[in-house]
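Notes to accompany the following structure.
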Ligand SMILES: Cc1ncc(C[n+]2csc(CCOP(=O)(O)OP(=O)(O)O)c2C)c(N)n1
Ligand SMILES: [Mg+2]
């Protein structure tokens with residue numbers, strides 16, 4: 001039997017209880033907290049009634065019982081501090097928004113309620129009801145709230161979905177010189193999600209000023225967090241030990257305790273300390289959603305609920321204030337009345353007598369798709385470069401162009417950071433695409449742990465906080481590991497949050513088809529990303545195009561996927577000798593070679609390949625699609641070509657069922673039916689993962705003969 005060492009790990013863990021000093025606050029602040037607690041309670045009660053009357057479309061996850069966590073935590077924040085929260089966040093959004101709207105020194109006992117406070121309550125109610133005046137124009141509803149003007153970065157309905165973004169936003173804030181922190185609220189259920197661990201690790205590694213506030217309300221739907229059913233560790237807060245972060249446990253039914261704990265942790269963060277995990281012990285009074293108690297569903301009993309009800313945070317705070325002689329019941333009554341009036345006025349603004357939605361408050365159905373992508377104003381007026389480099393020129397390989405243009409943009413704009421696996425190591429990554437950047441831009445090239453969901457989500461938060469992250473996904477297949485962050489978040493948020501939030505992330509990835517990497521490293525990601533309307537997609541086929549499209553992409557306020565290809569990396573091409581800032585449009589195809597009998601659409605490495613194959617064939621008009629997201633495929637250029645040729649072949653290497661060519665073929669048939677003399681022909685990869693065996697991999701991508709046969713068939717009008 002091996003001998004065990006006497007060493008043991010020490011973990012900075014403690015419970016925090018408030019002292020008399022923590023109660024010794026400005027009476028106006030205590031009165032404000034009473035007002036907030038009652039406002040949240042009245043708001044939630046009204047929402048549940050509205051749900052019953054059909055005035056709320058979608059779930060209502062009420063925060064009744066948990067108000068003290070929100071009120072205590074936001075009371076500890078400074079102006080400029082922001083929050084990220086979850087599907088259950090009405091209390092946090094209201095508390096944060098009201099706190100931001102509160103004029104300094106405002107005393108709710110004596111001063112007239114400012115319009116700004118009323119407005120945040122009304123906008124929150126309007127959003128939950130799906131109305132135009134809501135924070136997100138009614139698109140987000142209860143679970144997807146975004147109110148940057150009052151310090152709410154965003155809430156996510158994906159359990160743990162916002163933890164990485166909170167971490168990235170906190171890091172970005174410090175990078176940009178702010179003294180602010182981010183409080184990331186999450187539930188007890190969220191600590192079992194992989195992205196929680198990835199994000200907390202990044203926060204710890206890179207010292208992001210983020211406070212992870214776990215609102216342990218005892219349950220994730222019907223699964224208890226206190227009976228060992230989904231948490232093997234006896235203590236939830238033990239999770240912090242794995243990342244060597246301090247953990248604090250506090251009574252979440254007491255706003256004074258929560259405020260003291262958050263203030264303590266925040267002070268540490270502001271001094272440059274590590275992230276902190278605070279676990280607030282609280283209780284969800286009702287079932288997961290709706291107005292029934294949990295015991296109605298059999299997973300807990302009434303005795304347990306009654307015991308917690310005796311610790312009601314709203315009533316309890318009121319009693320404690322009275323017992324301590326700080327605020328008498330007579331002084332609290334008008335505060336409760338004022339809270340109810342705030343909610344009543346919000347109800348009047350959104351409904352007719354609380355019975356039906358005011359018809360003129362709905363958003364215009366014609367705006368349903370607006371804002372899924374930017375309207376392009378950030379690129380308006382740009383003078384694009386010609387399709388070929390102007391002399392004098394020099395030669396650069398494709399991969400050298402990647403490093404050169406990234407360096408150029410980092411030089412010009414401090415907001416540009418680079419992150420990904422090995423981007424700084426080995427001189428510049430496994431393929432030298434980030435060569436020299438780490439040495440030249442210390443602190444801005446972040447070698448990430450292998451945690452795609454964590455670092456993509458981190459980039460999402462950094463972009464929301466004002467940076468322009470360039471993320472390298474080593475192989476496109478790994479995008480699936482980060483799919484929730486890339487698609488549910490990065491690709492969706494702009495639209496879901498009302499269409500006004502820029503999401504300037506660039507994601508670089510390289511197709512590695514043809515080098516024997518097999519079924520988990522050989523993806524063409526275009527078809528996948530094209531499923532999500534927030535993403536723009538470009539595939540530069542030469543060094544010259546790479547620089548021009550990269551420059552445009554970094555000016556664009558949408559997430560842009562730049563698709564590279566292993567087969568292009570060592571290809572040399574001409575680029576301008578001096579101008580490294582030229583732009584090429586993100587929505588235009590390029591006619592590579594003119595022809596008169598058949599249009600061939602291709603992108604990335606298929607472009608030079610088909611160009612060589614059809615070099616002597618005057619019939620072929622080869623068009624490099626270049627822009628591949630459905631909103632920006634250049635149908636004008638394709639249509640002009642088809643009017644000339646009357647026949648269409650689309651060629652790509654993707655697995656056939658994952659290929660964007662299906663969508664493009666459909667669009668071309670619908671738009672240009674009269675110009676087509678025959679069916680659109682597709683040449684694509686086999687409908688199978690790419691195998692490793694050299695002969696099988698070759699069989700899985702279109703052969704020269706297949707491409708030429710399709711061109712011949714189309715040219716001869718034989719399907
Ligand atoms: C990734 C993901 N899985 C499952 C769900 C469905 N779901 C919504 S809330 C929830 C429970 C979350 O529990 P917890 O994190 O403790 O938050 P609470 O509801 O208690 O506030 C579940 C399973 C989801 N929204 N997202
Ligand atoms: Mg919970």
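The values are calculated or read from the model by the stated rules, or taken from the named source; none is laboratory data. What you see is a predicted model; the values in this text were computed from it and never measured. Positions of Cβ are generated from backbone atoms using ideal geometry, with glycine treated the same way; all protein chains shown enter the neighbour counts.
Observations on the model:
- Some residue of region 42-55 being touching a helix residue (DSSP H, G or I) at 6+ places or on another chain (Cβ under 6 Å), part of a loop (DSSP other than H, G, I, E, B) and crowded, with 24+ Cβ neighbours inside 10 Å: no
- Residue in region 270-283 that is within 16 Å of ligand 2 (Cβ to nearest atom) and assigned to a loop (DSSP other than H, G, I, E, B) present: yes
- Leading residue by the ranking (nearest to residue 318 (Cα to Cα)) among those in region 234-248 that are within 15 Å of ligand 1 (Cβ to nearest atom) and in contact with a helix residue (DSSP H, G or I) (Cβ under 8 Å, 6 or more places away or on another chain): 236
- Residues that are modelled with pLDDT under 85 and either away from ligand 2 (no atom under 15 Å from the Cβ) or closer than 18 Å to residue 9 by Cβ (or both), drawn from region 229-241: 232, 233, 234
- When region 610-635 is filtered for residues that are outside any loop (DSSP other than H, G, I, E, B), in contact with a helix residue (DSSP H, G or I) (Cβ under 8 Å, 6 or more places away or on another chain) and surrounded by fewer than 21 Cβ atoms within 10 Å (Cβ to Cβ), the ones remaining, listed by number, are 613, 630, 635.
- Qualifying residue in region 414-430 (condition: within 26 Å of the chain's Cα centre (by Cα), without any contact (Cβ under 8 Å) to a residue 40 or more places away in the chain and over 24 Å from residue 479 (Cβ atoms)): yes
- Residue match in region 171-185 (condition: closer than 22 Å to residue 297 by Cα and out of contact with any helix residue (DSSP H, G or I) (no Cβ under 6 Å at 6 or more places or on another chain)): no
- Scanning region 190-217 for residues that are away from ligand 2 (no atom under 16 Å from the Cβ) and buried (at least 24 other Cβ atoms within 10 Å of the Cβ) yields 195, 198, 199, 200, 202, 203, 208, 209, 210, 211.
- Residue within region 589-599 that is outside any loop (DSSP other than H, G, I, E, B), crowded, with 24+ Cβ neighbours inside 10 Å and in contact with a helix residue (DSSP H, G or I) (Cβ under 9 Å, 6 or more places away or on another chain) present: yes
- Test: residue in region 294-302 that is closer than 25 Å to residue 318 by Cβ and in contact (Cβ under 8 Å) with a residue 24 or more places away in the chain: yes
- Residues satisfying the stated conditions in region 310-333, i.e. farther than 17 Å from residue 43 by Cα and either surrounded by 15 or more Cβ atoms within 10 Å (Cβ to Cβ) or in contact (Cβ under 8 Å) with a residue 60 or more places away in the chain (or both): 311, 316, 317, 318, 320, 321, 322, 324, 326, 327, 331, 332
- Residue count for region 96-133 satisfying the condition of being assigned to a loop (DSSP other than H, G, I, E, B), touching a residue at least 12 places away in the same chain (Cβ under 8 Å) and either more than 29 Å from the chain's Cα centre (by Cα) or under 20 Å from residue 78 (Cβ atoms) (or both): 9.
- Unmet criterion (only one of (1) away from ligand 1 (no atom under 14 Å from the Cβ); (2) more than 17 Å from the chain's Cα centre (by Cα)) for residue 166: (2)
- If you go through region 159-189 and keep only what is surrounded by fewer than 24 Cβ atoms within 10 Å (Cβ to Cβ) and either away from ligand 2 (no atom under 16 Å from the Cβ) or assigned to a loop (DSSP other than H, G, I, E, B) (or both), you end up with 159, 174, 175, 176, 177, 178, 179, 180.
- Condition check for residue 78: more than 27 Å from residue 138 (Cβ to Cβ), surrounded by fewer than 24 Cβ atoms within 10 Å (Cβ to Cβ) and more than 16 Å from ligand 1 (Cβ to nearest atom): yes
- Yes/no for residue 251 being surrounded by 16 or more Cβ atoms within 10 Å (Cβ to Cβ), assigned by TED's automatic domain parsing to the domain that holds residue 300, away from ligand 1 (no atom under 16 Å from the Cβ) and without any contact (Cβ under 8 Å) to a residue 24 or more places away in the chain: no
- Summed over region 193-203, the residues that are part of a helix (DSSP H, G or I) and under 23 Å from residue 90 (Cα atoms) give a count of 1.
- The set of residues in region 676-719 being in a helix (DSSP H, G or I), surrounded by fewer than 19 Cβ atoms within 10 Å (Cβ to Cβ) and in contact (Cβ under 8 Å) with a residue 24 or more places away in the chain consists of 694, 704, 708, 713.
- When every residue of region 272-280 is checked against the conditions, at least one turns out to be farther than 26 Å from residue 23 by Cβ and at pLDDT below 95.
- Count of region 204-227 residues which are more than 15 Å from ligand 1 (Cβ to nearest atom) and not in a helix (DSSP H, G or I): 6
- The set of residues in region 289-317 that are closer than 22 Å to residue 61 by Cβ and in a loop (DSSP other than H, G, I, E, B) comprises 289, 290, 291, 292, 298, 299, 300, 301, 311, 312.
- Options 538, 560; residue that is more than 18 Å from residue 396 (Cα to Cα), in contact (Cβ under 8 Å) with a residue 60 or more places away in the chain and in contact with a helix residue (DSSP H, G or I) (Cβ under 8 Å, 6 or more places away or on another chain): 538
- Number of the condition not met by residue 41 [criteria: (1) touching a residue at least 40 places away in the same chain (Cβ under 8 Å); (2) more than 16 Å from ligand 1 (Cβ to nearest atom); (3) more than 27 Å from residue 322 (Cα to Cα)]: (3)
- Given (1) within 16 Å of ligand 2 (Cβ to nearest atom); (2) surrounded by 23 or more Cβ atoms within 10 Å (Cβ to Cβ), number of the condition residue 259 does not satisfy: (1)
- Check on residue 183, within 16 Å of ligand 1 (Cβ to nearest atom) and either at negative phi or not assigned by TED's automatic domain parsing to the domain that holds residue 134 (or both): yes
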